[in-house]
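The values are calculated or read from the model by the stated rules, or taken from the named source; none is laboratory data. As the structure is a prediction and not an experimental result, all values here were calculated from the model. When we count neighbours, we look across all protein chains shown, and the Cβ atoms used for this are built from the backbone with ideal geometry, even at glycine. Note: accessible area is taken over every heavy atom of the protein model, side chains too, but ligands, DNA and RNA are not part of it. Shrake-Rupley method; radii C 1.70, N 1.55, O 1.52, S 1.80 Å.
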Amino acid sequence: MTPTLPTFHAPAERSPDADLLRQAGLFRDPTLISLLDSVTDIVLILNRHRQIVFVNRNLLELLSLSDGANLLGLRPGELFHCENACDGPGGCGTADGCRECGAVKAVLCALGDERRVEECRITQRKGDDVLAYDLKVCATPFDRDGERFIIFAINDISHEKRRRALERIFFHDILNTAGGLRNLAQMILEEVPLDLRGDTMLLHRFSNALVEEIVTQKLLLAAETDELPVDPHPVDGVELLRDVANLYAGHEAARGRTLTVLSCAADTAMVTDSTLLGRVLGNLVKNALEATPEQGEVVLGCDCDGECVTFRVRNPGYIRPDVQRQIFQRSFSTKGMGRGLGTYSIRLLTQNYLKGRVGFETSPSGWTEFRVCLPRDAFNGTATCESGMPDAPGDIRHDLPGLAPTWAREQEQIPGEDSPWNDNGCARGGDATAWGSDDTAAARSGR
């Protein structure tokens, strides 16, 4: 009986050289080699003792080798000179530190007939130097000629891990600096003589805008990596819309323009994350202001039914068809290079985190309306919001010239017959609150 070799974790036994050569011969099929060489990851094929019997071209090129003969029989940790592989009594997988290794976990699961994806951290010794790698590995079981093998794919994510660590440090440090600047500007504003108040207010406004931009980018990165927390709580939709309008009335893009919030007689109570929704609406308002000419008006409003609340932001102007087809794509922008995250972030936050839908309508007669439709309570696992929203693909529906705007049609109104809109997309009549570029709010009952 063959004695069991010592190990602190995975079995240490290895295949005889004759078995390794025979198993390697099973993977000389040109079609299989071409298939495994065509993928972008490093791919190894391991036998039941976790030993290499095949490597693809990516690994050979990385190691500057013409073939994998010298790698036959090695285990993954031995291939990469992992310090645990050097310490284990039976090599890779047998040291006490291997208990937490994602690569060993994935391979053992695959030997048990389960495909497994894990992250793996390797500390490599090169003489007196120590190098660290972060890898994403995938172990997939398959049988060939009655023997169990594992396709072991490796993707180096070290650069991604470093970038995310640096991003966290960057946002922490720069937010502290920008926040300190904003607080200092606030202190100066409270103490400055009246003749310097205007310049100081400008400094305070810019420092606020700087903090806001940094927080927005931090939030977007967290959203894209599924690290963004959601905090649902009761929210009044109209009050939130008014807060957003009041905030952006002082924005640089609002200079010479008017923000109007229409009243809503219906109950707009809902359960959602007010911070995320505020950012979605803020982005819509900012985009609308940037698209509106001076002396123009951006109109905000909301309506609701028993299940959903729909927020609407309308501005003068028409979106060209070629822009409509790309407007929610991640890197598309009409504002030049390096832009294009605004409408993308609106859709990302609305659909992935607020569990709603976003869409828009635009008319050649000269108006554009973006809409965000959210369930009143999206976080009970049952609510959906489909009514009144554009159909896929692209979340785009168009009004034909001469037809009444959708919002008016939904209220069974047409322009000229008590509609909240006139025929060029501005608010008419009815209770509304207008914010001008002088940062003051004024109630009005007509235009």
Do you know which residues across region 128-179 are among the aromatic types (Phe, Trp, Tyr), free of Cβ contacts under 8 Å to residues at least 40 places away in the same chain and in contact with a strand residue (DSSP E or B) (Cβ under 7 Å, 6 or more places away or on another chain)? 142
Could you give me the residue pairs with C-beta distances under 9 Å whose first residue belongs to region 43-58 and is touching a residue at least 12 places away in the same chain (Cβ under 8 Å) and surrounded by fewer than 20 Cβ atoms within 10 Å (Cβ to Cβ), whose second residue is of a type in the set (S, T, N, Q) and outside any loop (DSSP other than H, G, I, E, B) wherever it lies, and which are 6+ apart or on separate chains? 57/38
Among the listed residues 106, 132, 153, which satisfies the condition of being modelled with pLDDT of 95 or more, of a type in the set (A, V, I, L, M, F, W, C) and assigned to a strand (DSSP E or B)? 153
Report yes if some residue within region 77-85 is more than 23 Å from residue 114 (Cα to Cα), surrounded by 15 or more Cβ atoms within 10 Å (Cβ to Cβ) and of a type in the set (Gly, Ala, Ser); otherwise report no. yes
Of the residues in region 191-221 that are more than 17 Å from residue 342 (Cβ to Cβ) and of a type in the set (Gly, Ala, Ser), the one that is most open to solvent (accessible area, probe 1.4 Å) is 198
Restricting to region 134-163, name every residue that is open to solvent by 50 Å² or more (accessible area, probe 1.4 Å), charged (D, E, K, R) and on the phi < 0 side of the Ramachandran plot. 136, 143, 144, 148, 156, 160, 161, 162, 163
I'd like the full set of residues that are over 27 Å from the mean Cα position of the chain (by Cα) and either within 20 Å of residue 41 (Cβ to Cβ) or not in a helix (DSSP H, G or I) (or both), limited to region 109-121. 109, 110, 112, 113, 114
Given (1) without any contact (Cβ under 8 Å) to a residue 60 or more places away in the chain; (2) surrounded by fewer than 15 Cβ atoms within 10 Å (Cβ to Cβ); (3) not hydroxyl-bearing (Ser, Thr, Tyr), number of the condition residue 105 does not satisfy: (2)
Of these, 351, 326, which one is out of contact with any Pro (no Cβ under 7 Å at 6 or more places or on another chain), open to solvent by 40 Å² or more (accessible area, probe 1.4 Å) and either part of a helix (DSSP H, G or I) or at pLDDT 90 or above (or both)? 351
Strands (runs of 3 or more DSSP E) fully within region 225-300 counting 2 or more residues that are among the polar types (S, T, N, Q): 258-262
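I need the full set of residues from region 81-103 which are among the polar types (S, T, N, Q) and not in a helix (DSSP H, G or I), in order please.
94 - this is the single residue of region 81-103 that is among the polar types (S, T, N, Q) and not in a helix (DSSP H, G or I).
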Can you find even one residue in region 62-70 that is touching a residue at least 24 places away in the same chain (Cβ under 8 Å), within 19 Å of residue 126 (Cα to Cα) and part of a loop (DSSP other than H, G, I, E, B)? no
Residue tally, condition assigned to a helix (DSSP H, G or I), open to solvent by 40 Å² or more (accessible area, probe 1.4 Å) and polar (S, T, N, Q), over region 1-41: 3
Out of the residues in region 228-282 that are among the β-branched types (Val, Ile, Thr) and under 15 Å from residue 355 (Cα atoms), which is most open to solvent (accessible area, probe 1.4 Å)? 275
Taking the criterion of being closer than 27 Å to residue 215 by Cβ, touching a strand residue (DSSP E or B) at 6+ places or on another chain (Cβ under 7 Å), surrounded by 15 or more Cβ atoms within 10 Å (Cβ to Cβ) and at pLDDT 85 or above, would at least one residue in region 337-347 satisfy it? yes
